[in-house]
């Protein structure tokens, strides 16, 4: 299936995408000696694996991911947090920087509060535990939050963090993108409005070519600025564009 | 009073009441991703059937006691809008809708890779906005497109259609009067990738030979519907491409 | 309806924007979202419309059947308005019997139409005391993003204007257009902190303190009202809401009439 290496092939579930000379990767399954797509998306091949990069789907929590969550319920020594995935996650009092005594949880976090957290552990039946112990993980107390499909997160970050740099520089906002697709923006009202509109454009047009140009245009950046991709300005504990998170190439077809 | 049994379902030229040949589908149009809130959705126009399917999930199971620690459960709710039939339909669940919901869920459960989402629920809602016979098949056809649109991993899409018998002759994609006045009805859903039958019902009267032929007829048609389903999903991400339906063929 | 948790910072953000006279989607406080509709879309209905108000999307279907009148209104037809908030339309909606919210929406829509005199119920009588037209107006919500009151009323009124009475099928002569003339409309306003906002989205409804729906007829007179949510309104706020509602309904009525060729 060498043509797949060069072209962007759009596939639907059930479509044959290779044989067992490759290993079945994400978004695929193997059956009868062949590999088939299990999700709607674009085929890619990486280190012997054949994958389908899906266009949509629910975020599945992974250990080490940085996420933004909303507190939805409180227990005597823990909180239940909605992290925009099929499962509730739990944040135990011991996993915070506070000294939380039994029965005093609501003094620290209440229902509706928004937190920046990291996924500490996911067990085999997808019970999720969060932590807020690391530096920078905290309660978010101003700004705006919005949600995009988590499959679009790499596009919002951009290659080497290029897209998010453009957004930050041209709106004057602090932006944090959770791996779960929840995004926090803080700054002047006007800047927040602009940044969220730009993110909506990315969300709607994640599949198109020249998205960066479109966003530059929207933000009124006409001169093709040099963006220092090697040293992205990270003032927050950024959802670091980890390798699997990075935009592979242009997703056009 | 006209005696309805005297209506001829197949005319002297071998054509049906709506002008179709015995093995011809009605025009089918599918559009993927039509609703904003749902995780996945699809709209199908199939003859005069108008059906919308929405998928939420995988998400938390409601009610919680249905939760399975090994896999996702698939819950389907099939419903007819109050204005979808000839007479107004009293809102709320009934035995027919409950049965269709159950067999549709079972058909989808076979193709969805539920093991990837333990303790969760995939909720499918099928709303029939206008009914014109064959709503369970059209509903399942739309629902499987909606599941794929939601990005839920699955083995294949699930096309579905009914074959039947009218005026003693085998007919594909049974129409309204053929359903009411015909001699047999056989709704079937087929997984083209694996060759499996995942929904099968029948009522009426078939000989053994007729049944075999009716099943083959439905399976062949499912392969045709499968192409329209695939096209609907691809078209969502390639807006410039033209609509691929079976109407071009139907006109020939 | 399941409880939806709106993040505290989002509520604060909506408040801040409102103080500046704007909203999350960039609208002014008294602006309505874009309205799109298509009539006659359901073949099995006697009248129908699919309408979207921003991302809120509804279908209204009208069915007429012959039935018996109410004992106290022997010479009048019957209007029955139904609404279900199906889980298809929003994750907060649950299956099963119509929720309290659904019943409230159906009754508010019904009241606006009924009280306006848009339908002369006497004209729906066939044989006094025996046979009258039962008019079923069913609201099907496809996608919910707030303000169903206004969306469903608009769709209901448009659908009634689109309705043909199925006389022939009931051996009562030729089919004819349902005799309706007026265009009663509602405008819903919510109070967020000290600001009033028209046509609230789902998030705004959930951040709001109080809500007021006002039904207004072609003359600008008030035909029905419904205050909702757990907060309260001052006298002055009601007056401001009336100003907004009168202006909004007048504009919408004009544009609906224009696009249906009235």
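Please treat every number below as a calculation from the coordinates, not as lab data. Since this is a predicted model, take the numbers as computed values, not measurements. Here the Cβ is made from the backbone with ideal geometry for all residues, glycine too, and neighbour counts use every protein chain on show.
Taking the DSSP bridge list for region A:3-54 and keeping only pairs wholly inside it, about 90 percent are antiparallel. Between residue B:106 and residue C:65, the modelled labels are 3.1 nm apart [label points 7 Å from Cα along Cα→Cβ]. For the protein assembly as shown, a/c is not less than 1.5, where a ≥ b ≥ c are the root eigenvalues of the C-alpha gyration tensor, and a/b does not top b/c. That puts it in the oblate class. To the nearest Å, what is the center-to-center distance of region C:30-47 and region B:66-116, using C-alpha atoms only? Each part reduced to its Cα centre gives a spacing of 28 Å. Between residue C:122 and residue A:104, the modelled label-to-label distance comes to 7.5 nm, taking each label 7 Å out from Cα in the direction of the beta carbon. Taking every residue in C:44-57 and counting other chain Cβ atoms within 10 Å of its Cβ, the average works out to 3. Counting beta carbons within 10 Å around each of B:45, B:109 and listing the fewest first gives the order B:109, B:45. In region A:66-140, the inverse of the mean reciprocal separation of distinct Cα atoms equals 12.0 Å; this is its Kirkwood hydrodynamic radius.
Expressed per residue, the C-alpha convex hull volume of region C:7-129 stands at 170 Å³.
If R0 is taken as 25 Å, the Cβ-Cβ distance between residue C:3 and residue A:123 corresponds to a FRET efficiency of 0.35. With each label modelled as a point 7 angstrom along the Cα→C-beta vector, the residue B:23-residue C:131 pair spans 5.0 nm. Centre-to-centre, using Cα atoms only, region B:141-202 and region A:5-41 are separated by 26 Å.
Note on C:147-160: average number of Cβ atoms from other chains within 10 Å of each residue's Cβ is 0.
Take every Cα pair under 8 Å whose residues are at least 6 apart in sequence, average their separation, divide by the length of chain C, and the relative contact order is 20 percent. By the count of neighbouring beta-carbon atoms within 10 Å, fewest first, C:109, B:227 end up ordered B:227, C:109. Put in order of Cβ neighbour count within 10 Å, fewest first, the listed residues A:59, C:70 become C:70, A:59.
Shape of region B:31-154 from the C-alpha gyration tensor: prolate (a/c of 1.5 or more and a/b above b/c, with a ≥ b ≥ c the square roots of its eigenvalues).
Which whole-number percent gives the relative contact order of chain B, counting Cα pairs below 8 Å spaced six or more residues apart? Result for chain B is 22 percent. For region A:3-54, the relative contact order comes to 40 percent (Cα pairs under 8 Å, sequence separation of at least 6). The simple Förster model, with R0 at 35 Å and r as the Cβ-Cβ distance, assigns residue A:200 and residue A:131 a FRET efficiency of 0.70.
Of the beta bridges in the protein assembly as shown, as assigned by DSSP with both residues counted there, near 85 percent are antiparallel.
Kirkwood radius and radius of gyration were both taken over the C-alpha atoms of region B:141-242, and their ratio Rg/Rh is 1.05. Mean-square fluctuations from a GNM of chain B, with a 10 angstrom spring cutoff on Cα atoms, peak among B:98, B:69, B:141 at B:69. Secondary structure note: in chain B, about 85% of the DSSP beta bridges are antiparallel. Build a GNM of chain C with springs between Cα atoms under 10 Å: which of C:28, C:43, C:82 gets the top mean-square fluctuation? Most flexible of the set in this elastic network: C:43.
Shielding by partners for peptide C:81-93, expressed as the average number of C-beta atoms from other protein chains within 10 Å of each residue's C-beta, is 5.
How would region A:3-54 be classified by its alpha-carbon gyration tensor: rounded, prolate or oblate, with rounded meaning a/c under 1.5 and the a/b versus b/c comparison settling the rest? Here region A:3-54 falls in the oblate category.
For region B:19-239, the Kirkwood estimate of the hydrodynamic radius, built from every pair of different alpha carbons, is 17.5 Å.
Once Rg and the Kirkwood radius are both taken over the C-alpha atoms of region C:84-156, their ratio Rg/Rh works out to 1.07. Extension gain for residue B:207 to residue B:113 (0.36 nm times residue separation, less C-alpha to C-alpha distance): 30.1 nm. FRET efficiency for the residue C:31 to residue C:94 pair, using the beta carbon distance and R₀ = 45 Å, is estimated at 0.90.
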